[in-house]
Amino acid sequence: MRGTSEVARVRVDADGTEQPKGETDEPGWEVDPDDESGAAVVATVGRQLRLRREAVGLRAAEFGTAVGYGEDLVYKVEAGRRIPRPEYLDRADEVLGAGGLIAAMKKDVAEVRYPKKVRDLARMEARAVELLSYGSHALHGLLQTEEYACALLGTRRPALSPDELERAVAARMARRSVFERLPAPELSFVLEEVTLRRPIGGTMVQRQQLERLLEVGKMRNVEIQVMSTDRWEHPGTGGRIQVLKFGDGSAVGRTDDEYGGRPVSDPKQLRVLELRYGIIRAQALTPGESLAFIEQVLGET
């Protein structure tokens with residue numbers, strides 16, 4: 001039997017799940033209710049954790065103490081309302097003597113820990129054999145350092161909560177695995193000069209970002225070009241242009257000024273985007289000139 005004080009801190013949901021009363025929320029990533037597939041995975045993982053905890057006779061508070069997390073978080077994970085971190089699943093596996101079965105769920109959780117639209121984008125980038133990107137206001141997410149991404153995403157309004165910001169940055173960093181793919185895709189980026197000079201995050205973050213551009217720009221499958229500010233007569237004045245091409249000959253693209261910014265795959269629309277990108281690329285500095293220009297900006301920073 002629970003003591004009186006413990007009963008006062010616990011309520012039971014309609015589905016029979018025990019929940020603590022009045023405890024402060026703990027850090028963690030909330031489940032997106034609109035992401036049905038992701039929510040289903042997290043709910044399944046949470047249910048398995050609860051069944052195994054109960055099977056060994058551990059209360060939520062006892063289990064939380066053993067894994068180093070609060071009771072509130074234990075209840076939320078088991079109810080499918082929080083996405084468990086990898087280290088949480090590792091500790092749970094040890095405490096519950098699961099022999100690696102719980103730790104093995106990290107792969108399933110990792111696939112849904114980021115917002116659905118980011119997962120969809122990452123899947124497309126993972127399939128792409130060629131990427132074309134022109135950015136007018138900020139660097140492409142694949143090029144950003146973690147500090148730059150954090151500072152940039154921190155400018156959004158309405159402001160992201162600390163939880164949302166952490167999740168967004170982690171999702172952006174996970175996409176950088178495209179640089180490790182074999183065979184390597186062909187990646188082409190055209191950057192406006194202002195994106196190099198704008199001190200997002202401060203001088204130190206800016207310097208680290210410029211150094212990252214120099215590092216990536218030396219990869220054999222990557223071309224980074226800079227569009228000088230004085231070259232204004234090009235078709236990129238409407239905003240971003242991005243095109244992803246796939247091995248089966250299909251492609252998807254988008255631009256800020258047309259199609260409502262939505263992805264397009266119609267061949268006629270894609271030809272327009274590729275035409276514009278080709279003109280932009282031709283008017284920008286060459287890859288060699290661009291790396292020299294980035295080094296110059298770094299020296300001035």
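Hey, can you tell me all the residues within the range 170-180 that are farther than 19 Å from GLU211 by Cβ and surrounded by 14 or more Cβ atoms within 10 Å (Cβ to Cβ)? Listed by number, the residues that qualify are ALA170, ALA171, ALA174, ARG175, VAL178. Does ILE102 meet the test of being modelled with pLDDT under 90 and more than 30 Å from SER228 (Cα to Cα)? When the stated conditions are applied, ILE102 does not pass them.
Summed over the range 247-264, the residues that are surrounded by fewer than 11 Cβ atoms within 10 Å (Cβ to Cβ), within 25 Å of the chain's Cα centre (by Cα) and assigned to a loop (DSSP other than H, G, I, E, B) give a count of 1.
Residues checked against (1) under 30 Å from GLU147 (Cβ atoms); (2) in the same structural domain as ARG198 (by TED's automatic domain parsing); (3) touching a residue at least 60 places away in the same chain (Cβ under 8 Å):
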site: LEU210; (1), (2), (3): yes, yes, yes
site: GLY217; (1), (2), (3): yes, yes, yes
site: VAL222; (1), (2), (3): yes, yes, no
site: PHE246; (1), (2), (3): no, yes, yes
site: ASP266; (1), (2), (3): no, yes, no
site: LEU275; (1), (2), (3): no, yes, no
site: ILE279; (1), (2), (3): no, yes, no
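In the list THR229, THR195, THR237, which residue meets the criterion of being over 12 Å from LEU131 (Cβ atoms) and under 21 Å from the mean Cα position of the chain (by Cα)?
THR195
The set of residues from the range 219-246 being of a type in the set (Lys, Arg) and in a loop (DSSP other than H, G, I, E, B) comprises ARG220, ARG231, ARG240.
Residues that are in contact with a Lys or Arg (Cβ under 6 Å, 6 or more places away or on another chain) and modelled with pLDDT of 75 or more, at least 2 per element: which helices (runs of 4 or more DSSP H) completely within the range 10-93 meet that? Break it down stepwise before answering.
Numbers: elements: 36-55, 60-67, 71-78.
Helices (runs of 4 or more DSSP H) meeting the threshold: 60-67, 71-78.
Residues in the range 137-157 that are in contact with a Lys or Arg (Cβ under 9 Å, 6 or more places away or on another chain) and among the hydroxyl-bearing types (Ser, Thr, Tyr): 2 in all. Entry remark, the range 196-218: residues being in contact with an Asp or Glu (Cβ under 7 Å, 6 or more places away or on another chain) and assigned to a loop (DSSP other than H, G, I, E, B) number 1 in total. Residues that are without any contact (Cβ under 8 Å) to a residue 40 or more places away in the chain, in a helix (DSSP H, G or I) and surrounded by 16 or more Cβ atoms within 10 Å (Cβ to Cβ) do occur in the range 145-153, at least one of them.
Of all residues in the range 278-301, those being exposed (fewer than 15 other Cβ atoms within 10 Å of the Cβ) and in contact with a Gly (Cβ under 9 Å, 6 or more places away or on another chain) number 1. A single member of ALA292, ALA282 is within 18 Å of GLY135 (Cβ to Cβ) and part of a helix (DSSP H, G or I), and it is ALA282. Taking each residue of the range 226-244 that is among the small types (Gly, Ala, Ser) and looking for partners that are surrounded by fewer than 15 Cβ atoms within 10 Å (Cβ to Cβ) with beta-carbon atoms closer than 6 Å, six or more apart or interchain, yields GLY238/ASP257; GLY239/ASP257. Does LEU131 satisfy the criteria of being buried (at least 20 other Cβ atoms within 10 Å of the Cβ) and either at positive phi or assigned to a strand (DSSP E or B) (or both)? For LEU131, the condition - buried (at least 20 other Cβ atoms within 10 Å of the Cβ) and either at positive phi or assigned to a strand (DSSP E or B) (or both) - is met. If you go through the range 188-206 and keep only what is more than 12 Å from SER228 (Cβ to Cβ), touching a Leu at 6+ places or on another chain (Cβ under 9 Å) and either of a type in the set (A, V, I, L, M, F, W, C) or not assigned by TED's automatic domain parsing to the domain that holds GLU289 (or both), you end up with PHE189, ILE200. Whether any residue in the range 266-277 is buried (at least 20 other Cβ atoms within 10 Å of the Cβ) and of a type in the set (Phe, Trp, Tyr) is what I want to check. Scanning the range 266-277 turns up at least one residue that is buried (at least 20 other Cβ atoms within 10 Å of the Cβ) and of a type in the set (Phe, Trp, Tyr).
The values are calculated or read from the model by the stated rules, or taken from the named source; none is laboratory data. Because the structure is a prediction, the values reported are computed rather than measured. Glycine gets a Cβ as well: all are built from the backbone with ideal geometry, and neighbour counts include every protein chain shown.
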